[in-house]
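Reading through the structure tokens given below for one structure.
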Amino acid sequence: MPRTKKAAPQAPSTMKELKDTLWKAADKLRGSMDASQYKDVILGLVFLKYVSDAFDERRDRIRDELTADGYDDDQIAELIDDTDEYTGRGVFWVPARARWAFLAENAKGLDPAFGEGIRSIGSLIDEAMEGLMQANPQLSGTLPRIFNRDNVDQRRLGELIDLFNSARFAGQGQAGESGRRARDLLGEVYEYFLEKFAAAEGKRGGEFYTPASVVRVLVELLQPTHGRVYDPACGSGGMFVQAEKFIDAHHGEGSDISVYGQELNERTWRMAKMNLAIHGLSGNLGPRWGDTFARDLHPELTGDKGADFVMANPPFNIKDWARNEDDPRWKYGVPPAGNANYAWIQHILSKLAPDGQAGVVMANGSMSSNSGGEGQIRAEIVEADLVSCMVALPTQLFRSTGIPVCVWFFAKDKGDRAGQVLFIDARGLGHMVDRAERALSDEDIARIASTFHAWMNPVPERAQRDETHSGSLSEDAAGTLPPGSLSEDAEGDLPPGSLSEDAEGDRDETPHPYENIPGFCYSATLAEIKAADYALTPGRYVGAAEVEDDGEPIQEKLARLRTELEAQFAESARLADVVREQLGRVS
């Protein structure tokens, strides 16, 4: 069997080229297997292509460095396989037969010239996955080995390898703003695929994927730039990825956070492990998948060693869950057997460090339900002054469920806002990306985040008085602002939503104090919440938006509207007569 000609190195692919190429590749296997296996095949190949490209790029760089230092070919051959030169730079060691070049040369099966007889491309890929895991213990038990099964069309799989061969995830490390690291490019492709697969799987897709705009609401409000970040129902790891992106956008390092997570579903747990690896994050997702309620895999996250940030989108309204009435996590009351919502909330609260914060996506019913003792649990949590903010989100953000959702934000230490809760009604925000799904824009997320940060970190009166004509703050006033509100050394790299921007993109650096906005936000005291029987629905507190007065006296407006209505009635009657006349001619 003739070998497939090795493709020449390609120029770095643009994001559009990559998405078009790879989704076209994914379509080659659509219909030949069930959706979940199809997803594992495609994402596994994307991961394998990435690690191989990154390995090749690092290998070429080592060769260039050794050549520049005067080493000859024999010396280079001896030194270039030093695994520390790869793993020490965050690059996985890829065995020879796991490298993409080898698979591309044998996309139609192993050439008999290798002396092993003909083997399918699927068996070669399974062997590559196994070799990659053995060479990199952190990937152990992560990668799929399903490529040589009977229901995988080997011919199409070979064509898939050929198509993937045109995509390049290396060569993206140029310096400067125009450069982009390979892992960022691949990470975006991976997230794009996760979103596509979630949409294709419908309700089941919601088990592993949280819409990016929802995740960003949590990340932009919490700003997890350091410490321990935990997700007890981590899905494919989207919360961690967005946290890493936030840090990167503000010139931090992903190593500033320690990632902890747990996931019940085996396949989803594997996807999360790959997702973290792609984004250069070393996370502790436990030795295997597991039920958070039945067995907490991170008992060390408690007290002073608790999580600095928890971000979670746990499954809503679980009726069948591992309930133990004597569980010490139920500090504020035993959750009902028929709904795990308050079990998730209390588990998360039990994980927070003394100054920790959390954001949790929940079904709207959690804000006001009184069944099974949930109302009393909610009252205890409110009275403990743990709730910092409640955000009601617009409908149709999730393809997987029509249930309206909200986000609970918790803080162990609310500082100047002790005894208060911020309510934000964001139901009117967002735009439809298609007939089934809504998304929040950057401006929507910035509005929610800036409102929260203005409330959580009140601008001192002196800072407002000392505002100069140049738009800068006095040194000691600026020092009292919250991290991220106004950076003295990085004014051009502020968190989205921290400060307003005009239409030209220039930042308005005036500190904006928080104020209640009817119909959108309201800061309520615990006494007000108690008077509302501890219901936490934002609409109950923010009221209706103010209607702008157009200046027209009410009697004049009524007379004008009546005249317009009468004219419309007359036009309607005229058109009805025309229709009758035309029908009469036809008959």
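Observations
- Accessible carbon and sulfur surface of the stretch 305-435 relative to its total accessible area, %, 1.4 Å: 46
- Cα gyration tensor, the stretch 321-455 - rounded (a/c under 1.5), prolate or oblate: oblate
- When each of the peptides 97-104, 445-452, 216-223 is scored by the mean number of other C-beta atoms lying within 10 Å of its residues, the order from highest to lowest reads 216-223, 445-452, 97-104.
- Candidates Pro299, Ile257, Pro314 compared by Cα position along the dipole of the stretch 234-349: farthest toward the positive end lies Pro314, with charges placed on Cβ.
- Ranked order, Lys414, Lys245 - accessible area, probe 1.4 Å, largest first: Lys245, Lys414
- Annotation for the stretch 57-148: GluC sites (Glu not before Pro) lying in DSSP loop with at most 16 further Cβ atoms inside 10 Å of their Cβ are Glu116.
- When the pairs Lys24/Lys273; Lys39/Lys319; Lys305/Lys412; Lys108/Lys196; Lys273/Lys305 are compared against a 19 Å limit on Cα-Cα distance, Lys24/Lys273; Lys39/Lys319; Lys108/Lys196; Lys273/Lys305 fall above it.
- Solvent-accessible area per residue in the stretch 261-324 equals 44 Å², computed with a 1.4 angstrom probe and all protein chains kept.
- In the context of the full set of protein chains, residues of the stretch 363-437 present 37 Å² of accessible surface per residue (probe radius 1.4 Å, heavy atoms only).
- Here is the result for the stretch 242-310: no chymotrypsin sites (Phe, Trp or Tyr not before Pro) lie in DSSP coil with at most 10 other C-beta atoms within 10 angstrom of their C-beta.
- Applying the criteria of a DSSP loop state and at most 13 other Cβ atoms within 10 Å to the trypsin sites (Lys or Arg not before Pro) of the stretch 310-378 yields Lys319, Lys331.
The values are calculated or read from the model by the stated rules, or taken from the named source; none is laboratory data. As the structure is a prediction and not an experimental result, all values here were calculated from the model. Glycine also receives a Cβ, built like all others from the backbone with ideal geometry; neighbour counts cover every protein chain displayed. All accessible areas refer to the heavy atoms of the entire protein, side chains included, with ligands and DNA or RNA removed. Shrake-Rupley method; radii C 1.70, N 1.55, O 1.52, S 1.80 Å.
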